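Notes to accompany the following structure.
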Amino acid sequence: MGEGREYVSRPDEMGDINIAEEVLAVIAAAAAIEVEGVSALASGLGSDLAELVGRKVLSRGVRLHVEEGKVKVDVAILVQYGSVVPEVARNVQEAVMSAIENTSGLTVSAVNINVAGVTFQHQNKV
């Protein structure tokens, strides 16, 4: 994830609040997968290697970069066949940005969407 940091800090009246980057990535992943037209998050090299060594990765397909207190998110998705790709991508951007900003209070500077593929739903013909 972003620059080897494990936590994102934000000042508060009563002290600093530290949020693990993995938490932000899981929030982004959950928001993305809920968008209509998204069939799954696409895995990246990092999550594939983690799965090989037995770690379950809840944030598969999400990368975070934190710079100067702002979060940049990269999300790799698989889109359902028949969906309008630019519309799905735009909806994922909005959902991820809203979820991170509303749950963490941090500012999201960008949400980059990488459409890694299209999935087809198999229907059994009787």
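For the stretch 30-43, a residue qualifies if it is touching a residue at least 40 places away in the same chain (Cβ under 8 Å) and hydrophobic (A, V, I, L, M, F, W, C), and the qualifying residues are Ala30, Ala31, Ala32, Val35, Val38, Ala40, Ala42.
Conditions (1) over 12 Å from Val35 (Cα atoms); (2) not β-branched (Val, Ile, Thr), marked per residue:
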| residue | (1), (2) |
| --- | --- |
| Lys72 | yes, yes |
| Val75 | yes, no |
| Ser83 | no, yes |
| Val96 | no, no |
| Asn102 | yes, yes |
| Thr107 | yes, no |
| Val118 | yes, no |
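If the condition is being at pLDDT 80 or above and surrounded by 17 or more Cβ atoms within 10 Å (Cβ to Cβ), then the stretch 44-73 contributes Arg60, Gly61, Val62, Arg63, Leu64, His65, Val66, Val71, Val73.
The values are calculated or read from the model by the stated rules, or taken from the named source; none is laboratory data. All values derive from a computational prediction rather than experimental measurement. Here the Cβ is made from the backbone with ideal geometry for all residues, glycine too, and neighbour counts use every protein chain on show.
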